[in-house]
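Scroll down for the structure; my scribbles are underneath it.
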Amino acid sequence: MSDHSAIEWTDATWNPVTGCNKVSPGCKHCYAQTFSERFRGVPGHPFEQGFDLRLWPQRIELPLRWRTPRLIFVNSMSDLFHERVPDDFIARVFDTMRRASWHRFQVLTKRPERMARFVREHFASEPWRSTHPNVWLGTSVESERYVGRAEIVASLPAAVRFLSCEPLLGPLDLRHVLGPTGIDWVIVGGESGHGARTMQAAWVRNIRSQCRAARVPFFFKQWGGPQKSRTGRTLDKRTHDAMPVAPRA
């Protein structure tokens, strides 16, 4: 967790929850698990428990202490909507995001069903875009089998609805969810590290074309591979760093 981040599409990370478990093929080589398990059993280390789920209530108000506006990735080392995270804990996280109105928060999950249920149950009587204009809601979609996740997020009343197609493991048809009443931003990236699965350029170009047709910002994060610094992040001789236009609180 840091108020600065090397992740290309954010400024900082905030982890009021750490640890998770694998739910789909995109999780196979989870970077968060690989990193945290290195420290399992190290007394006093934040990841002494490895990648076992852990709640950190002492971190909930951390963004309130960061006075410079930042784009903050929520739970880069977990999933806020993991089935073992209590609703009241999630509600406290959302309250901090509401209070820290000078930041913008990117909430990314592989469990959009629970995200949607939480939003609808806890904010049914509130105008979401008025109370949380700085909260972006997103989901991970690694292959066509999981496009249903995108359909769920596309229906939510967030200021920005986004997809992380990383690691991209196959072609995707997103045309029915892209646009002004659906997904507002798409991130694409290949898997990196030992055993990384190959991403085909045709898959990336096709998603870029779909985004262009729908006028949705497209962000290309990386080609990935065992040594991602060598493969870089240029597509057709240029970088693609488009970000969504969203209201600031």
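Within straight-line reach of Lys110, meaning a Cα separation under 16 Å, sit the following aspartates and glutamates at least 8 residues removed in sequence or on another chain: Asp79, Glu83, Glu142, Glu144, Glu151, Glu166. Peptides 69-77, 113-121 ranked from most to least packed give 69-77, 113-121, packing being the mean of other C-beta atoms within 10 angstrom over each peptide's residues. Could you state the number of Å between the C-alpha centres of segment 63-124 and segment 195-249? When both Cα centres are located, 25 Å separates them. Ordered by the count of other Cβ atoms within 10 Å of each Cβ, fewest first, Arg233, Arg99 give Arg99, Arg233. Please state the shape class of segment 29-132: rounded when a/c is under 1.5, otherwise prolate if a/b exceeds b/c and oblate if not, all from the C-alpha gyration tensor. Prolate shape, in that a/c is at least 1.5 and a/b is the bigger ratio.
What order do you get for Ile60, Ile187 when you list them from fewest to most C-beta neighbours inside 10 Å?
Listed from fewest to most nearby Cβ atoms, that is Ile60, Ile187.
Taking every DSSP beta bridge with both residues inside segment 12-231, roughly what % is antiparallel (nearest 5)? DSSP beta bridges in segment 12-231 are roughly 5 percent antiparallel. Legend: ranking of residues Tyr31, Tyr146 from fewest to most surrounding C-beta atoms inside 10 Å; resulting order Tyr31, Tyr146. Residues whose amide H lies under 5 Å from that of Ser192, counting only those 5 or more places away or on a different chain, are Gly225; hydrogens are built 1.01 Å from N in the peptide plane. Is the shape of the chain best called rounded, prolate or oblate, per the rule: a/c under 1.5 gives rounded, else a/b larger than b/c gives prolate, else oblate, with a ≥ b ≥ c the square roots of the Cα gyration tensor eigenvalues? Verdict is oblate for the chain. Could you grab the relative contact order for the chain? Cα pairs under 8 Å, six or more apart, rounded to a whole percent. Answer for the chain is 14 percent.
None of the figures in this text is laboratory data; all of them are computed from the coordinates on show. Just so you know, these numbers come straight off a predicted model, no measurement behind them. Please note: Cβ atoms are built from the backbone with ideal geometry, for glycine as well, and neighbour counts cover all protein chains shown.
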